[in-house]
């Protein structure tokens, strides 16, 4: 039996509407992990690079990062690049979750070290299914590294 507290899921998403839809899907599929939201890349990097130091942020790193690409300030590509080059953070699975289905965006993200790339569906039912599969694979089926 796991006696460790559940690590959070970090959602880096500037759209309140998209975050609300994700939250509904997480609840429907009984996500037990706490969900944290960063509204831009700068906020995400502040938490990830300074975890345990900033007031109001958990003193633990997330189990996974769900990362939008098109963010105000530091965009998702730059966040991904910084995370995957950081020796303390590079093992955190980063799932890019973007409206872009551009082959160039997909290739760039994998080149930068993305662990997965998912295109945001327009229909809520399709979003719900992608979230169900994501939760199952990354938080139930996969063996994730213990970072802290």
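Readers should treat all values here as calculations from the given coordinates under stated rules, not as data from a laboratory. Here the structure is a predicted model, which is why all the values come from computation and not from measurement. Ideal geometry is used to build each Cβ from the backbone, glycine not excepted, and the neighbour counts take in all protein chains shown.
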One finds the C-alpha centres of segment 112-127 and segment 42-107 to be spaced, in Å, by 15 Å
Ranking request for peptides 11-17, 106-112, 122-128: highest mean number of other beta-carbon atoms within 10 Å first, then the rest in descending order.
11-17, 106-112, 122-128
When a footprinting reagent is the concern and you count Cβ atoms within 10 Å, what order do 31, 67 take, fewest first?
31, 67
